[in-house]
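Presented below is the structure to which this report refers.
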Amino acid sequence: AREPRAAAGGIPITPIAFDPAATAIGTRPVRRRPSKTTIGLAAAFGVLAVLAWFAFTARSVALNIEPKPDDISLPSTLFKFRLGDRFLLRPGPHRVAAELAGYYPLDTEIDVGESPDQSFNLTLTKLPGLVSLKTDPEVAADVRMDGAELGHTPLVDIEIKPGVHRLEFNADRYLAQVLELTVRGGGERQALVATLTPNWAPVSLTTLPPGAEVQVDGAVVGVTPIEMQLTA
């Protein structure tokens, strides 16, 4: 070991070990990361602040949909809260979607105003019914529904909106048949058979002597003896 040397003035100078790491730590401030508790408290405070803001700015909205759907949602609304049949929503446009078996899906937009208590009345539209039509006897009859051309029998699974409809059947050599049909709708299948009444009768004609040419309304139909089907 080295002996201490005296500096000028008689004060001894003693050498010490040099540690660069210790020197660096001692000269720079230590940065501490926030604790998990602090982060958790900050996050909870942020959530409470957002909830308070939403509760203060939201409006109570009732969605009255007839008939009552199986499912209702607001797919484009981020901030919403449901209380039974009511929603807490912020003012502005909101998309409403609802579904019920047998009805068209509802997809519409409501505009929530500034009033604290609001309601919107919406209606689901029933699906059409699937109706099959034919005649007895089976002939190609022209069918008109509520005065509009529908087609020729037989018709299978024709989509008809719910309600009472007037159906008219017209076929050659048969009397026109008019029927009413209540279409239940909702995709339900129904069938209707129209019984047609002949508008003709068998007519037998003989002459003495036989072999006479027979014309009906100027058209030759044969010679006697003959049996014809003549319309009324």
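The values are calculated or read from the model by the stated rules, or taken from the named source; none is laboratory data. These numbers were taken from a predicted model, which means no experiment stands behind them. In this analysis, Cβ positions are derived from the backbone assuming ideal geometry, glycine residues included, and neighbour counts consider all displayed protein chains. Please note that ligands, DNA and RNA were not included when accessible areas were found on the heavy atoms of the full protein model with its side chains. Shrake-Rupley method; radii C 1.70, N 1.55, O 1.52, S 1.80 Å.
Per-structure values
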| quantity | calculated |
| --- | --- |
| All positions within segment 169-189 that are open to solvent by 80 Å² or more (accessible area, probe 1.4 Å) and either touching a helix residue (DSSP H, G or I) at 6+ places or on another chain (Cβ under 6 Å) or in a strand (DSSP E or B) (or both) | GLU180, THR182, ARG189 |
| Evaluation of ALA62 against (1) at pLDDT 75 or above; (2) among the hydrophobic types (A, V, I, L, M, F, W, C); (3) farther than 30 Å from ILE160 by Cα; (4) outside any strand (DSSP E or B) (one fails), failing number | (4) |
| Residue among ALA97, ALA101, ALA140 that is among the hydrophobic types (A, V, I, L, M, F, W, C), within 12 Å of the chain's Cα centre (by Cα) and surrounded by fewer than 15 Cβ atoms within 10 Å (Cβ to Cβ) | ALA101 |
| Residue match in segment 71-80 (condition: within 29 Å of GLU159 (Cα to Cα) and not hydroxyl-bearing (Ser, Thr, Tyr)) | yes |
| Neighbours by Cβ (under 6 Å, 6+ apart or cross-chain): first from segment 164-178, of a type in the set (D, E, K, R); second open to solvent by less than 50 Å² (accessible area, probe 1.4 Å) | ARG173/ASN199 |
| Any hit, segment 190-198, residues being over 46 Å from the mean Cα position of the chain (by Cα), assigned to a strand (DSSP E or B) and touching a residue at least 24 places away in the same chain (Cβ under 8 Å) | yes |
| Positions within segment 83-128 being of a type in the set (D, E, K, R), more than 24 Å from ARG184 (Cβ to Cβ) and modelled with pLDDT of 90 or more, in sequence order | ARG95, ASP107, GLU109, ASP111 |
| Check on ASP111, open to solvent by less than 80 Å² (accessible area, probe 1.4 Å), of a type in the set (Asp, Glu) and under 28 Å from the mean Cα position of the chain (by Cα) | no |
| Checking ARG166 against (1) part of a strand (DSSP E or B); (2) open to solvent by less than 90 Å² (accessible area, probe 1.4 Å); (3) within 25 Å of GLY147 (Cβ to Cβ), the condition it does not meet | (2) |
| Single unsatisfied condition, GLY147 versus (1) more than 26 Å from ASP157 (Cβ to Cβ); (2) without any contact (Cβ under 8 Å) to a residue 24 or more places away in the chain | (1) |
| Qualifying positions in segment 193-232 - open to solvent by 50 Å² or more (accessible area, probe 1.4 Å) and under 30 Å from ASP157 (Cα atoms) | VAL193, THR195, THR197, PRO198 |
| Residue among LEU100, LEU127 that is under 23 Å from ASP71 (Cα atoms) and out of contact with any Gly (no Cβ under 8 Å at 6 or more places or on another chain) | LEU100 |
